[in-house]
1. Consider only pairs whose beta carbons are under 7 Å apart and that are at least six residues apart or on different chains; among these, list those whose first residue lies in the stretch 46-70 and is in a strand (DSSP E or B) and whose second residue is open to solvent by 40 Å² or more (accessible area, probe 1.4 Å).
2. Scan the stretch 3-14 and report the pairs whose first residue is touching a residue at least 40 places away in the same chain (Cβ under 8 Å) and whose second residue is crowded, with 21+ Cβ neighbours inside 10 Å and among the charged types (D, E, K, R), with Cβ atoms within less than 6 Å and a gap of 6+ or a chain change.
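The values are calculated or read from the model by the stated rules, or taken from the named source; none is laboratory data. Source: prediction; values computed, not measured. Quick reminder, even Gly has a Cβ in these numbers, built from the backbone with ideal geometry, and neighbours come from all protein chains shown. The accessibility values were calculated without ligands, DNA or RNA, using every heavy atom of the protein model including side chains. Shrake-Rupley method; radii C 1.70, N 1.55, O 1.52, S 1.80 Å.
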Amino acid sequence: MINTGLRSSELAGLTPKEIRLDANMPHIALAPHGRQLKTKSSRRTIPLLGVSLEAMRTHPDGFARYRESSASLGATVNGNPT
């Protein structure tokens, strides 16, 4: 989530289709693929830089472990893994 502005629920719900590492500027293209976004402005393109780019290179398919429950991602991020 560092330097992306992503909500934890958006990060948890990322799909491989939204992670664009092969683009001229690697980015995440957030769109309502199989889910509802919080607001209209939630549909956006987020450039990947620094540690965020490295994290997505390490997890190019997103974080399947958290797709069903973004609450467990929040707990992990906050130091209370479930």
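1. What qualifies is Ile46/Gly5; Pro47/Met25.
2. So the pair list comes out empty.
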